[in-house]
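Everything on this sheet refers to the single structure shown next.
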Amino acid sequence: MLGLIILLGLFAGLRFECDNDYLEYVRIYNQAPTLWEFFAGGYNLSDVYGEPFFVATNIIFKSIKAPEYIYLSFVAFLNLFFLYRVIVGFSKYWFLSLFLYVSLMYLGGGFTQIRFGVATTLAWYGLLQYFNGKSWQSVLIIFCATMFHISAFAIFIIYFTNRILKLNTIGILMVSGIAIIITFFSLSDLFGRFLGAVLGDSRYVSYLTGEDYTEKANSFSIYFYCFNILIYWFFREQIIKDIGEYRFVFLLKIGLAAVLFGAVFNQMAILSRFGLIMQFVYIFIIPHTIGLRPVRLSMLIFLFAYGIFRYNQFLSENSFIQKYQNVITK
């Protein structure tokens, strides 16, 4: 596992001008002040794009005159360090969970949008502390994740859903059905006006007015995860024998929150990352559903179709990842 994670870190950290986010990260890094420049005056945190902890890491690496690929490698490995801790903490089948992460989420969160990737895995490390009964440590870690990327705030929703969701067949069918119904409506304009009024002059408002960000995100992932959560529930006795009731219930409640709020957040593409952070739970759920003998073929077909969808999303001719190159072979 460690060897695979090192390869993934190098693959993302040493990339060179092969995706839309690369030049933006380089621009932010080059514009960041050194610690001396920051404390000498003339700079404040708002002068550099990003949340405070992300800005602070830029400043620290800029102060030691590290080239941008060293900084990007640091962020990539930071993401993968917390990914390792979370997979070890939650998954009985680490290879399948890592495989699903790479297949379904790595290109979006661990390769291109690495700041979002760190926020996701760090927030989930906070959830791991919550799962282990360390509530205050959990809150502190998730707060730190929001200071790297604001989307990690979505994890706090799980604290409430974990308390109020009641698990029964009718309730699970209802949540899944509502999530699917929501995907057939486009509420982008309503969301944009509401969030614009709430955020006021915040820098986030620019995202809510750009056409590329306000369009509705694709809903295929919601259908895929709804199918998984229903399989997970209807074969619960078999899965509980494998992982125990406490872990089963904990993952199931997050999975339900992920499809419901994922469908809501998908109404604006820029908000879909709030849903993606919760949908991370499926790298722990799918290993238990994909191997169930009665539905194995259906699961493989659905997973294959979802893989094609993700491929077109990230690697097709019109996607935001182009031909791979790195700083060594550029």
* Structure fact -> With all protein chains in place and a 1.4 Å probe, ARG273 shows an accessible area in Å² (nearest 10) of 50
* TYR324 paired with ALA305, simple spin-label distance in nm, labels 7 Å along Cα-to-beta-carbon -> 2.8
* Principal semi-axes in Å for segment 222-307 [√(5λ), Cα gyration tensor, largest first] -> 23, 16, 9
* To do: Starting from the Cα of TRP36, step 7 Å along the direction of its Cβ; do the same at LEU297; then give the gap between the two resulting points in nm.
  => 7.0
* Structure fact -> With 0.36 nm assigned to each residue of separation and the Cα-Cα distance removed, PHE153 to PHE235 gains 26.4 nm
* Could you let me know the centre-to-centre spacing of segment 1-75 and segment 226-246, using Cα atoms, in angstrom? => 41
* With a ≥ b ≥ c taken as the square roots of the eigenvalues of the C-alpha gyration tensor of segment 130-174, please select rounded if a/c is under 1.5 and otherwise prolate if a/b is larger than b/c or oblate if it is not? => oblate
* **Cα gyration tensor category, rounded, prolate or oblate, for segment 75-120 with a/c compared to 1.5** => oblate
* Mind listing the long-range amide H neighbours of ASP19? Cut-off is under 5 Å, sequence gap 5 or more, other chains count too, H placed in the peptide plane at 1.01 Å from N. => GLN322
* Rank these by accessible area, largest first, 1.4 Å probe: LYS62, LYS323, LYS253. => LYS323, LYS62, LYS253
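Sorting PHE224, PHE302 by accessible area (1.4 Å probe), largest first, what list results? Intermediate values should be presented prior to the final figure.
Details: PHE224 0, PHE302 50 Å².
Listed by decreasing accessible area, they come as PHE302, PHE224.
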* Structure fact -> The simple spin-label model distance between VAL88 and GLU17, using points 7 Å out along Cα→Cβ, in nm, is 3.9
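The values are calculated or read from the model by the stated rules, or taken from the named source; none is laboratory data. As the structure is a prediction and not an experimental result, all values here were calculated from the model. Methodologically, a virtual Cβ is constructed for each residue, glycine included, from the backbone with ideal geometry; neighbour enumeration extends over all protein chains shown. Ligands, DNA and RNA are stripped out before the accessible areas are found, and what is left, the full protein with its side chains, is counted by its heavy atoms. Shrake-Rupley method; radii C 1.70, N 1.55, O 1.52, S 1.80 Å.
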